[in-house]
Amino acid sequence: MLYKFKSKVCSDIIMLEPQGRQILTIWGRDEGSLTQPGILLPADIPAALEALHAAVAHDEAQRAQAAQAAQEPGEAAEAVPMPQGGVSLRLRAVPVIDILERSLKAGKEIVWGV
């Protein structure tokens, strides 16, 4: 399953299901609405941007902590799990942040579908 995020001010973003669900979850969408088409109104975009930036910072902190623990011998390396996936949330979020910022500036909504 794919997620397609659309805005009238820039190109569409197509994401695989796990990454699309992750973005929608970060935006505060509940589990029941993740497989339904939706809309992010211009008034909701600042909160979505803030949540996405916070999630990126949290992911980077986890990755740094896991990398540091992996360099230390002993049980510490096993205690700190590495975040899922090889691609960081920051890299996955770059096009989403772009569509959010452009849509906010233009006062346009973002819609998505499955």
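Residues in the range 1-19 that are open to solvent by 80 Å² or more (accessible area, probe 1.4 Å), within 15 Å of ASP98 (Cα to Cα) and of a type in the set (A, V, I, L, M, F, W, C): how many? Residues flagged as open to solvent by 80 Å² or more (accessible area, probe 1.4 Å), within 15 Å of ASP98 (Cα to Cα) and of a type in the set (A, V, I, L, M, F, W, C) within the range 1-19 amount to 1.
Kindly provide the set of residues from the range 36-70 that are surrounded by 14 or more Cβ atoms within 10 Å (Cβ to Cβ) and under 22 Å from GLU109 (Cβ atoms), ordered by number.
Listed by number, the residues that qualify are GLY38, LEU40, PRO42, ASP44, ILE45, ALA48, LEU49, ALA51, LEU52, HIS53, ALA55.
Here ILE110 passes the criteria (1) open to solvent by less than 40 Å² (accessible area, probe 1.4 Å); (2) farther than 23 Å from LEU34 by Cβ; (3) at pLDDT 85 or above except the one numbered (2). The residue pairs whose first member lies in the range 1-16 and is in contact (Cβ under 8 Å) with a residue 40 or more places away in the chain and within 15 Å of ILE45 (Cα to Cα), whose second member is in a strand (DSSP E or B) and of a type in the set (Gly, Ala, Ser), and whose beta carbons are closer than 9 Å, counting only pairs six or more residues apart or on different chains, are PHE5/GLY113; LYS6/GLY113.
Which residues, taken from the range 64-95, are part of a helix (DSSP H, G or I) and at pLDDT below 55?
Kept after step one, since they are part of a helix (DSSP H, G or I), are these residues of the range 64-95: 64-71, 76-79, 89-95.
Answer for the range 64-95, where residues must be part of a helix (DSSP H, G or I) and at pLDDT below 55: ALA76, ALA77, GLU78, ALA79.
The values are calculated or read from the model by the stated rules, or taken from the named source; none is laboratory data. As the structure is a prediction and not an experimental result, all values here were calculated from the model. Quick reminder, even Gly has a Cβ in these numbers, built from the backbone with ideal geometry, and neighbours come from all protein chains shown. When the accessible area is computed, the model is the full protein with side chains, heavy atoms only, and any ligands, DNA or RNA have been set aside. Shrake-Rupley method; radii C 1.70, N 1.55, O 1.52, S 1.80 Å.
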